[in-house]
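Working notes, structure below.
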Amino acid sequence: MTAGMKREDRSSREKMRVSRFLAAGPATIAVAGSGDNLLLETENRGTISVRRGEFRALLAQGLVVVSGKCARLSAEGQALARRAAATVEPFRAQHGETGSVVMEVQGMRETVEINLAESPLAQLASRRTRKGERFLTGAEIRAGERLRADYTRGQIMPRITANWQAAVASGRRAGGSGGMVELTDAALAARQRVDRALQAVGPELAGVLVDVCCFLKGLERVETERGWPVRSAKVVLKTALGALSRHYEPHLCSGSQSRPILHWGAEGYRPKIMG
């Protein structure tokens, strides 16, 4: 396949991806941190990133209509999305490319479809222990997907997150022309949530969460880059996700915590002192 054919194939996949996303409803347009990408944000379906050039092509082809900061599919775009769904859904059903996870969105639980082929966390969620139990609990999966959603909404791009602490703590992001522009309130709030979450789990566990949940690195790649033993990343990741889930949903672990002993006997009880 020539370079031109590869670009055309990539452009076609991008067109289908955006069409499928907008087929479920309109999205709000925001500028990503690098300035080269745009973010299509929704309240309950997450956020996706699209290259500016690809988005302009969708506009030029009449597949997407923009009104203010709102993007939606045109009639032609909806027809394209239906054709894409007719082609893709049977393959997904056969090969299990997608799955669902329950996430908390603005205080309400929502069932969100995730791409199993894209998310290393989702792939790990399908694994089971030797006892037949799921390797990751529902709370751990929700925690990882919630961190990823806030990471995306916070417009924290891989280019500026080599030092995630500096990127998260900053209230500004790089503009497309090299200048500085203020983050939107929503992006800043998401960035602050990421900051609090990573601080809660501590620096020893934060790195693997960012690698897998945010950068979507595979476990083998994490082990290679960090010099960890083979098959150790999933153990560290589970520990990190457990800590993260306790940060997001502390009420789930409150019942398992040991309670202080209030007294050793009934009211008026006095222990005998052996002399």
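Rule-based calculations on the coordinates, nothing more; no lab input. These numbers come from a predicted model, not from an experiment. Because the Cβ atoms are built from the backbone with ideal geometry, glycine has one as well, and the counts that use them run over all protein chains shown.
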Residue-span extension gain [Glu43 to Ser126] - 0.36 nm each, minus C-alpha spacing: 27.2 nm
Can you compute the modelled spin-label distance between Asp185 and Ser67, with each label point 7 Å from Cα toward Cβ, in nm? 2.3 nm
Distance check, please: which entries in Lys15/Lys69; Lys15/Lys234; Lys131/Lys238 exceed 22 angstrom between their Cα atoms? Lys15/Lys234
